[in-house]
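Report on the structure given below.
What follows draws every value from the coordinates through simple rules; no lab data is involved. The model shown is predicted, which means the values in this text are computed figures rather than measured ones. A quick note on method: Cβ atoms are made from the backbone with ideal geometry, for glycine too, and the neighbour counts reach across all protein chains shown.
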Amino acid sequence: MIEKTAAELSSALAKGDISSVELTRAYLERIARYNYQLNAFITVCEESALKQAQTADEKRAAGDRSPLLGVPLAHKDIFCTQGVTTTCGSRMLHNFVAPYNATVVEKFSAAGAVMLGKTNMDEFAMGSSNETSFFGPVRNPWDTKRVPGGSSGGSAAAVAADLCAMATGTDTGGSIRQPAAFCGITGFKPSYGRVSRWGMIAFASSLDQAGPLSKSAEDAALMMNVMAGLDNKDSTSIDLPVEDYTATLNDSLQGLKIGIPRQHFAAGLGAEVEQAIRDALKEYEKLGATLKEVDLPNNHLSVSAYYVVAPAEASANLSRYDGVRYGYRCENPVDLEDMYKRTRSEGFGDEVKRRIMVGTYALSAGYYEAYYRKAQKIRRLIKQDFNNAFDEVDVIIGPTSPHTAFELGAKTDPVTMYLEDIYTIAVNLAGLPGISIPAGLAQGLPIGMHMVGKDFGEAQILNIAHQFQQQTDWHRRKPALGQEG
Amino acid sequence: MALDKSEVEKIAHLARLHISAAEADEVTSRITDILALIDQMQSVDTDAVEPLAHPLEVVQRLRADEVTEENRRDELQTLAPEAQDGLYLVPQVLE
Amino acid sequence: MEWETVIGLEVHVSLSTKSKLFSGTASEFGAEPNTQANIFDLALPGTLPVFNEEALKMAVRFGLAIGAEISKRSVFDRKNYFYPDLPKGYQVTQLDFPTVGKGALTITLEDGSERVIGVTRAHIEENAGKSVHEEFHGKSGIDLNRAGEPLLEIVSEPEIRNAQEAVAYLKKLHSIVRYLDISDAIMAQGSMRCDVNVSIRPRGEKALGTRTEIKNINSFRFVEKAIISEVHRQQELIEDGGQVIQETRRYNANKDETSSMRSKEVANDYRYFPEPDLLPVVIDDAFIEAIRIELPELPDEKKVRFTTQYNLSNYDAGVLTSTREMADFFESVSSQSSDAKLAANWVTGDLQALLNKNNWEITASPIQADRLAALILRIKDKTISGKIAKTVFEMMIEDSSPVNDIIEKNGLKQVTDSGEIEQLVDEVIANNPVQVQQFKDGKEQVLGFLVGQAMQLSQGKANPAQVKQLLRAKLA
């Protein structure tokens, strides 16, 4: 049962084939068995999960028919959960028991989903391999010598290994889509503003967006039905009606115009990945879509612009970690400056410190114009590139990552790591919706296909992804977890 | 743009980070690499381009002036490394 | 050499909203430490700001009151620095696009002359918390009740030329924000604070001299003294061949001198950038006009109206409109007593002296408008004389019973009974034959003496006009 999609579990629960308590117990057992290998969870909430499952079963008996009622999920440890430790993968918050719930957490709770625990992540969501976590790296269930991608690596590995039915993640430059690609699951980043950021620990405020990691596009639609919507607690949350994302999943793709970005099929792209994507595009042609090459001429500047905007915003967002009101404080500070410097140097890991330094530099006197303002201008160029492309096509499809999951410790140089997000990062700068779905395997490792939609075109992207999953079974492939020990 | 160690020290101080002598070289060279990546931006002319601060070009919502929060001091101060008599304690602030 | 002083003021006023600038936490003065510090105010991870509409309206109200440009689009920025009373590690403020642009206000100097002082801008920003230094063995306590309170920072042009003008400017600002009901503006409580930028230059010189900034002065008097002392210091320094360095200084009232606040910070680098958790604030004409319609009558307009409607002197009208409370008080006394002239005399005279002596606000006056009006009515209907009224006024401070009762129980009623007055007059004529003869011989001024004698006999209660009339009749 645990390998099923959330949609399938939803109907099994509705039919009474299984209770939420039974299902929750099954996941908890699997977590107990495999988490030591994967390190996907930082916190497992056994007791409260079973209690929530019990409540879900009672609600169902009382006539509640909410689609995700009793379905077990995991939250990335970036979402504040009242009464449960919320670490953001950092020593800085290793002891932080959040006194309130993120809106996303609140909404899943109201929908009756069962929270199994909190998943591991790159520290403050800064990383593309899940190696920067204070709680140790997460391992890829397809090959535990390899990384699951990052920063939502714990959520991706947990979904891929059936340690939960579905999970939440956040995506600032690719942090949902790239781990989804590496772990062979579906990962969806909605348009900026579609999902509330209240209670989601900030990395880069103008780029961060929460979204689902799931076993299918249909599951992502079910999750989006819960997550999306206006939240008055977040000024950047958009006041647009929420569609029923499941309603249009089966719409025909006849006449769909797919844009193939020239720049995403250039040097650096692995041959097997390229082949898998080209094969997938043929599937779409069979479904009645037409392909058209499009240009994203400024795409190559997206990583540069991103590594100004994101660190600059992060440098300010992370100033609150000062050892005064919560979180880590160094031992016996001799004076105020010592408290600040040692608390922050001991509380943050190397990558986080590096980005704070870069952001501080980019904003400092004399450099603001050359860096921050320049990056904002590039940001507009990148958005315009997408707008121009969308004048001609409905969706842009390419690879999520140039290659499949790499080995732990393989990329020690930050710049090399940053270039991992070359295909995904522009989407965050432009605030557009993007999804990664499984589209093949190379040497037993999953390949992700990346689709970018128009502003608030969530429903269409999910429809396009779902139609592919009706024709193929890549999203049904499972890692052979546990066989190696 | 290459950084020298004194600039790194200055930035570290602004960001209230301590960089030990042992780390200084490595940190300096890493940040120099990142700045080289960033400097690729300079290859494009953006004189005529308006900066984009935010992907959402919409406007701020306003909140009615109402008190919606209750006093939760005692609960919230359990999170603090050091608190006494309702105050958060820190090493002496010199003014 | 003759020096000219150039002063610019940066005044912070706390806006009197119910809740904080970006959170729904109460924003009241004097609460127990950290009882007004909730998850957003403590900068807990994941919390986000939402802008308080009332703070925006108050800023616009101020802008309209000083005839300033109101920005249709204002943008919040983060100002980054570390301090324990600044929970987020940045202050949200408005750097390049403040809500209120250029405006001006007119100040009145002690000699009655007026000057217009330009206001460069006024922007909305967050307050910080405060540090408490006592009792913690070498540690400081942090109280974040004030953190996130809305402030309006009002920046003047460097057009103020001396300490008196600076104080007049501050008093005018104080008056305006209180008229507008957007701030208590109590300097002693920190709801109005002032930073002073001072420089000097040889008279006639166009370029500005190097300025110093004197931070956080908390009374009008200290602003005046601090400026005088700082100008003196700069003059001596330059005349001795030294140079003023641009720096922040503090004023020590006990020593009556300013001293440098050399901080350990190498150089402030606030790394401003647009606050990504907030979007641009955009307002339209309708929003602005709705606020304009509800603007109260402001001190300058009120002053003009008082001179025409009540026939008051410029000076009296100025004193009476210096605060909204005093103007309201006066108008209440005037309408209840139907005598603006007497009302103005009493409010600016005895009442003002009483308040000054005791350092009372007019709202806390033991003699409220209805009682002062009642007193004036008794003068007008000749129940008491103007002189006795002063005695009654003194009694009213301690005695809260109705004015009529006070007059009655102390037997202060003016004698108007013609029989009683006739007796008095007869007695005076009998007792003063010499003066009576002088009057009869045509020495008119002796009449005053005789009236005085009668008043004395009556212990001031006789109606002097009546006495005079009777004396004339009897001595004719």
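Counting only lysines at least 8 places from C:LYS440 when in the same chain, those with an alpha carbon closer than 29 Å to its own are C:LYS461, C:LYS468, C:LYS474. Think of the stretch C:418-475 as a dipole: +1 on every Lys or Arg Cβ, -1 on every Asp or Glu Cβ, centred on the Cα centre; then among C:PHE439, C:VAL425, C:LEU470, C:PHE439 lies furthest on the positive end. Computed over every Cα-Cα pair of chain A and binned at 10 Å starting from 0, the pair-distance distribution P(r) comes out as 4, 22, 33, 27, 11, 2, 0, 0 percent. Max-minus-min Cα coordinates of the stretch A:243-366 on each principal axis give 70, 37, 30 Å, with the largest extent listed first. With both labels modelled 7 Å from their Cα along Cα-to-Cβ, the C:HIS137 to A:ASP279 distance reads 7.1 nm. Take every pair of alpha-carbon atoms less than 8 Å apart whose residues are at least six positions apart; their mean separation over the length of chain A yields a relative contact order of 18 percent. Projecting the Cα atoms of C:LEU15, C:ALA128, C:ILE214 onto the dipole axis of the stretch C:3-290, where Lys and Arg carry +1 and Asp and Glu carry -1 at the beta carbon, places C:ILE214 farthest toward the positive end. Taking Cα centre as origin and charging only the Cβ of basic (Lys, Arg, +1) and acidic (Asp, Glu, -1) residues, the dipole magnitude of the stretch C:299-409 rounds to 340 debye. Summary value for the stretch C:418-475: 41 percent relative contact order, contacts being C-alpha pairs under 8 angstrom separated by 6+ residues. Charge dipole (Cα centre; +1 on Lys/Arg Cβ, -1 on Asp/Glu Cβ; no other charges) of chain A amounts to roughly 360 debye.
Once backbone amide H atoms are built at 1.01 Å from N, C:ASN52 has B:ARG63 as its partners under 5 Å, excluding neighbours fewer than 5 places away on the same chain.
Computed across the stretch A:230-310, the Kirkwood hydrodynamic radius from all distinct Cα-Cα pairs reaches 16.4 Å.
Shown in residue order for the stretch A:205-219 are the 3J(HN,Hα) couplings computed by the Karplus curve 6.51 cos²θ - 1.76 cosθ + 1.60 at θ = phi - 60°: 4, 8, 10, 4, 8, 8, x, x, 10, 8, 8, 6, 5, 4, 4 Hz (x for Gly and Pro). What the phi angles of the stretch C:303-310 give under the Karplus curve with 6.51, -1.76 and 1.60, with θ = phi - 60°, is a coupling list of 4, 4, 4, 4, 5, 7, 5, 10 Hz, glycine and proline written as x. In summary, the aspartates and glutamates within cross-link reach of A:LYS454, defined as a Cα separation below 16 angstrom excluding same-chain residues under 8 places away, comprise A:GLU243, A:ASP295, A:ASP385, A:ASP391, A:GLU392, A:ASP394, B:GLU57.
Each pair of Cα atoms in the protein assembly as shown enters the Kirkwood radius, and Stokes-Einstein at 37 °C and 0.692 mPa s then converts it into a translational diffusion coefficient of 99 µm²/s.
Translational D (Stokes-Einstein, µm²/s) of the stretch C:3-290 at 4 °C and 1.567 mPa s when Rh comes from the Kirkwood sum over C-alpha pairs? This corresponds to a translational diffusion coefficient of 65 µm²/s.
Each helix, a run of at least 4 DSSP H residues, gives -39500 (n - 2.57); summed and divided by the residues of the protein assembly as shown, these come to -11500 deg cm²/dmol at 222 nm. For the stretch C:375-476, a crude dipole built from +1 on the beta carbon of Lys and Arg and -1 on the beta carbon of Asp and Glu, taken about the Cα centre, is about 360 debye to the nearest 20.
Once the gyration tensor of the Cα atoms in the stretch A:306-378 is diagonalised, the equivalent ellipsoid follows with semi-axes of 28, 11, 9 Å, ordered largest first.
Across the stretch A:348-365, rounded Karplus estimates of 3J(HN,Hα) from the backbone phi angles (6.51 cos²θ - 1.76 cosθ + 1.60, θ = phi - 60°) give 9, x, 4, 5, 5, 4, 4, 5, 4, 5, 4, x, 5, 5, 5, 9, 6, 3 Hz, Gly and Pro being marked x.
Cβ crowding within 10 Å, taken as a proxy for footprinting-reagent exposure, orders A:ASP77, C:ASP350, A:ASP322 from fewest neighbours to most as C:ASP350, A:ASP322, A:ASP77. In terms of the mean number of neighbouring beta-carbon atoms within 10 Å, the peptides A:165-174, C:98-107, C:191-200 order highest first as A:165-174, C:191-200, C:98-107. The long axis of helix B:21-38 is offset from the longest Cα principal axis of chain B by roughly 70 degrees. FRET efficiency for the pair C:ALA430 and C:VAL304, taken as 1/(1 + (r/R0)^6) with r the Cβ-Cβ distance and R0 = 60 Å, rounds to 0.55. In percent, what relative contact order does the stretch A:158-275 have, based on Cα pairs under 8 Å that are 6 or more apart in sequence? Value for the stretch A:158-275: 22 percent. The slack in the chain from C:ASN359 to C:GLU294, taken as 0.36 nm per residue of separation less the alpha-carbon distance, amounts to 20.2 nm. When the C-alpha to C-alpha distance is required to be over 30 Å, the pairs from C:LYS18/C:LYS130; C:LYS171/C:LYS380; A:LYS4/A:LYS51; C:LYS102/C:LYS357; A:LYS377/C:LYS57; A:LYS51/C:LYS88 that qualify are C:LYS171/C:LYS380; C:LYS102/C:LYS357; A:LYS377/C:LYS57; A:LYS51/C:LYS88.
Against chain C, whose longest principal axis is taken from its Cα atoms, helix C:464-475 shows a tilt of about 20°.
On a 0 to 90° scale, report how tilted helix B:5-14 is relative to the longest principal axis of chain B, with both axes built from alpha carbons and the result rounded to the nearest 10. Helix B:5-14 and the main axis of chain B meet at about 20 degrees.
What's the FRET efficiency of C:GLN189 with B:GLU57 using the Cβ-Cβ distance as r and R₀ = 35 Å, to the nearest 0.05? Once rounded, the FRET efficiency stands at 0.25.
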